[in-house]
Amino acid sequence: MFDLMHRPGEMRESVLEVAAPAKLGEGLVAVQEGAPIGIDLRIESLHDGLLVSAHVSAEAAGECSRCLKPITESVEVDFAEVFAYSIDEAFDYQVQDDHVDLEPVVRDAVVLSLPFQPVCRPDCPGLDPETGERIEDLDDYQPREVIDPRWSALSQLVSDNDRVGETDTKPTD
């Protein structure tokens, strides 16, 4: 990279395959430590630093947020960051000792692209709220209708009206 520094207009491209140095993500799905991460990298020299553009691909593993099945999900993300030659508040990253440290940029891009509530499939029915069993594993599943206790007095009124209607079968004149 030394040959790029302070030479605006120069560019280098490379393809990297690295292992994740640590677990990327803390939610239900994450790129596990040691998992391969592919990086298609492009570094361009500018007047005030280096523009680093990359396409990052990895495989995240975890569990479905609805039914808790193990899942894997492909992660594809692009980023572009400027690494400044000098320390400047306008830039988040600096070139240090003729190198750029891509780890925090890749980590941020990958973690932000992970889904907050991953699902095994879009129509996943989830778990039965009473038994905790997977609904898709149950034959002829019918959810039990639960009435909010705050409305129980109204259900009593409905049942009283039904009884009045049953006993009063005479037509009125």
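The values are calculated or read from the model by the stated rules, or taken from the named source; none is laboratory data. The shown structure was predicted, so the numbers you read here are calculated from the model rather than taken from an experiment. Here Cβ is always computed from backbone atoms with ideal geometry, including for glycine, and neighbour counts include all displayed protein chains. With ligands, DNA and RNA removed, areas are computed over all heavy atoms of the protein, side chains included. Shrake-Rupley method; radii C 1.70, N 1.55, O 1.52, S 1.80 Å.
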Residue, modelled with the lowest pLDDT, within the range 10-30, restricted to residues that are outside any strand (DSSP E or B) and open to solvent by less than 70 Å² (accessible area, probe 1.4 Å):
Glu10
Of these, Glu76, Glu81, which one is open to solvent by 70 Å² or more (accessible area, probe 1.4 Å), over 30 Å from Asp137 (Cβ atoms) and touching a strand residue (DSSP E or B) at 6+ places or on another chain (Cβ under 6 Å)?
Glu76
Scanning the range 95-120 for residues that are modelled with pLDDT under 90 and open to solvent by 50 Å² or more (accessible area, probe 1.4 Å), which turns out nearest to Ala60 (Cα to Cα)?
Asp101
Yes or no: the range 66-85 includes at least one residue that is among the aromatic types (Phe, Trp, Tyr) and more than 23 Å from Ala22 (Cβ to Cβ).
yes
In the range 42-65, is there at least one residue being open to solvent by 60 Å² or more (accessible area, probe 1.4 Å) and under 17 Å from the mean Cα position of the chain (by Cα)?
yes
Any chance you could count how many residues in the range 31-41 are part of a strand (DSSP E or B), open to solvent by 20 Å² or more (accessible area, probe 1.4 Å) and either closer than 30 Å to Leu138 by Cα or touching a residue at least 24 places away in the same chain (Cβ under 8 Å) (or both)?
1
Subset tally (residues that are touching a residue at least 24 places away in the same chain (Cβ under 8 Å) and assigned to a helix (DSSP H, G or I)) for the range 113-150
3
So, in the range 82-94, of the ones that are of a type in the set (Gly, Ala, Ser) and in a loop (DSSP other than H, G, I, E, B), which residue ends up modelled with the highest pLDDT?
Ser86
Residues within the range 100-112 that are part of a loop (DSSP other than H, G, I, E, B) and either without any contact (Cβ under 8 Å) to a residue 24 or more places away in the chain or under 12 Å from the mean Cα position of the chain (by Cα) (or both), tallied:
1
